[in-house]
Each structure stands twice: as structure tokens, then as C-alpha cells.
1. Does any residue in segment 65-94 that is in the same structural domain as ASP130 (by TED's automatic domain parsing) and under 14 Å from ILE126 (Cα atoms) come within less than 9 Å, Cβ to Cβ, of a residue that is assigned to a loop (DSSP other than H, G, I, E, B) and small (Gly, Ala, Ser) six or more places away or on a different chain, and which pairs are these?
2. So for segment 118-133 (the condition being assigned by TED's automatic domain parsing to the domain that holds MET222, part of a helix (DSSP H, G or I), farther than 24 Å from PHE15 by Cβ and free of Cβ contacts under 8 Å to residues at least 12 places away in the same chain), does at least one residue qualify?
3. Go through the residues of segment 75-84 one by one and say whether even a single one is closer than 20 Å to ASN132 by Cβ and not hydrophobic (A, V, I, L, M, F, W, C).
4. Residues in segment 47-94 that are surrounded by 12 or more Cβ atoms within 10 Å (Cβ to Cβ), assigned to a strand (DSSP E or B) and polar (S, T, N, Q): how many?
5. Which residue pairs have Cβ atoms closer than 7 Å, lie 6 or more positions apart in sequence or on different chains, and pair a first residue in segment 16-43 that is outside the structural domain of PRO92 (by TED's automatic domain parsing) and without any contact (Cβ under 8 Å) to a residue 40 or more places away in the chain with a second residue that is crowded, with 16+ Cβ neighbours inside 10 Å and acidic (Asp, Glu)?
6. Between a residue in segment 181-196 that is assigned by TED's automatic domain parsing to the domain that holds THR225 and assigned to a loop (DSSP other than H, G, I, E, B) and any residue that is of a type in the set (Gly, Ala, Ser) and at pLDDT below 90, which pairs come within a Cβ distance under 9 Å, given they are 6 or more apart or on different chains?
7. Exactly one of these conditions fails for VAL97: (1) surrounded by fewer than 22 Cβ atoms within 10 Å (Cβ to Cβ); (2) in a helix (DSSP H, G or I). Give me its number.
Amino acid sequence: MPRPSRARDVEAAVFHRVGSHPEDLVRVVADELGLSRAAVVRHVNRLVEEGYLAKQGTTRPTYVHGVKRKARLTYELEGLAEDIVWSNDLAPLLHGVPRNVIEICHYGITEMVNNAVDHSEGKELIVRLDVNEEKVILSVTDDGVGIFRKITEHLSLPDERLALLELAKGKLTTDPIRHTGEGIFFTSKAFDEFWIFSGDLTFGHHPAVSDDDWLLESNKPMDGTAVVMHIQRSSKTVLRDIFSKYSSGPDDYSFEKTIVPVRLARIGDENLISRSQAKRLISRFDKFRNIILDFEGVEMVGQAFADEIFRVFARAHPGIELIPSGARPEVQEMINRALRAE
């Protein structure tokens, strides 16, 4: 029977020790893992070839981090501090990455780790980092109850797919005393790609598919929750600009504006016709002052659906601005009918 590969263990030890043991890296890792130095050298040479390590000298070589960086870190969730994960284990590996990208990575990783600590009900967390010449990839995976299941239970939703709608709105938390519910929303907007995998659902966006949040049903259900974030090293995104985009004004950074993909209010292939469907959509709208309703991908809406949003809700909440966007002509006509009735 073949022996299990120790490549992952060697990589983790190498990347953990290279900063403090550049001159005796092979010996330290071999002793730590109980492997021969020859076995460790094979893995180290591979990492040099791949660009994750740089080698200086031949007889008594010295090793440093290469242009590429990689880490796979495992933590116990109980008592874990997200700032320690960042400052001790991840920040040193981002040397040379532009400052605006580092700030986004700092915000994203600490928010996602904190969410896992406070909400997942899991025991273990795995954080991965992969930096290459083009992008930074971060992931945070827990073994807890699953984010979509938890939101569904907290809000008493009839279907887990509606949890994605609530995430897209923002200001969603299952622990309002300790959290504002802004972390996932702003992290998803700051990164070029952002994905949440849990159960058999995926929530996220990819610029090649859509700039907006969208739903994908996976064929491979998973336990717990995995968050994956990508950002180009050349990204010009500045975190404070993301906060400003969704604030109520230039002198007020409170989170008052949101963009809601209306298509996420559907369950399966149903059309958006009824008042009950509209009420799914407008749930928690009273937490915002400006709401852009993105009708992209919605082929039709019923008169009752449009009336409940643009007449009934609007009349009851005169301080909230509802702005339809991306509606095809027949959908816009239904919206206009509701506005004329108002």
C-alpha cells in the first residue's frame, strides 16, 4: 500500500519556518516532521521551481520567500482572534503587494474569520493564501452548521435559496448585539471575485459572468462554509471608496444604500407575480434609505408584485427611495402602473 503524501505537511512547515530559519530550513523542517533531509529537499526544490521559494547559494543554501506565496493554516475556532491570524500568519506573506490590495485583504480575512468564530458553531478553521504574479487568493473554511442554513433558520425562511437574497441586501446578522451585518456585503464588493459555498448553494460574483451577486446550485454539497476571495494585484479598488459608494452622503459613512438583485427573490423557476413574493423582497428594506432594485434577468413581474413594492411599501415608507434599474420594457410598464396609481 503506498504511503500517504506528506507534501501538504512539508509545504506548511516550510512556509511557516522560512522566515525564521533561512539558513537551516531543511534541517528544521525534517526534524519537525520526522522526515529525512533528502525528502524535504525534494519538496523544497519543487517550491523553488514553482516560484514559492527563492534559493541563494549552493553548498550551504539560504532560502527566502519567492515571488509567489502560499500558506495553509489550521486553527481551533474557540478563542481564535482574527487580528492574530492576519498580523502573525498572513500579512508577512503579502510583502510587495500594493497597499490598497493589502488593505482589502486585511479587511476581508478579518471579517470572514470573525464571522466563523462568532457564527459558525464549528470547531476548526482552515485559512489558505495563494499569491502569484497576477492575483491574491484567500479562503476561509469552517466545519460549522453552514451559513445559508443558519440564516434560513434565523429568519424563518421557507427555502435556503432565499438566504442569498438576504445576504445580497446587506446589514444581515444573526447576532445583532455584536455585529452590524456589514462584513460580507462590503467584502463581496471589494474583491474582484467573491464566493460562499455551503450546503448545495453558492453565493458570489465573477466579473466574467456578472458584476452582481448571483446564485448557482452546486452538484457537490458540502458541510460547513467556505469563503473564497480573489483580487488582482493590479486592482485599483480602494476600500474607503467601497464604503463611500454605499453611504448616505459624502460626509456620512453610514451604510444606507444597497443594490438588490430582484431575481434572487425567486425560488427555482417561478415568476415574480404575487404580493407574498414582493414581501420576501422588501423584508428589511426599512434598514436603508436608498435601494436600487436591479431587475436584470427578470423577464416578467405581476401587477400585484409591482404594486406591493412601488405603491404599498413606498407609501408606508416615504423616507426610503426605491430606484428600479435594468428592467426590460414589459417589467418597467408594470412598475410604471404602480407608480401612476401612487
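The values are calculated or read from the model by the stated rules, or taken from the named source; none is laboratory data. It should be emphasised that the depicted structure is a prediction, and the values quoted were computed from it without experimental measurement. As a convention, Cβ positions derive from the backbone with ideal geometry for all residues, glycine included, and neighbour counts pool all protein chains shown.
1. The qualifying pairs are LEU77/SER120; LEU77/GLY122; LEU77/GLY144.
2. First pass over segment 118-133, keeping only residues assigned by TED's automatic domain parsing to the domain that holds MET222: 118-133.
Among the residues that remain, those that are also part of a helix (DSSP H, G or I) are: 118-119.
Then keep just the ones that are farther than 24 Å from PHE15 by Cβ; that gives 118-119.
With free of Cβ contacts under 8 Å to residues at least 12 places away in the same chain added as a condition, the list becomes none.
Scanning segment 118-133 turns up no residue that is assigned by TED's automatic domain parsing to the domain that holds MET222, part of a helix (DSSP H, G or I), farther than 24 Å from PHE15 by Cβ and free of Cβ contacts under 8 Å to residues at least 12 places away in the same chain.
3. No: zero hits.
4. So the answer is 1.
5. If the second residue must be crowded, with 16+ Cβ neighbours inside 10 Å and acidic (Asp, Glu), the pairs left are LEU33/ASP9; HIS43/GLU11.
6. GLY181/GLY170; GLU182/GLY170
7. Condition (2) is where VAL97 drops out.
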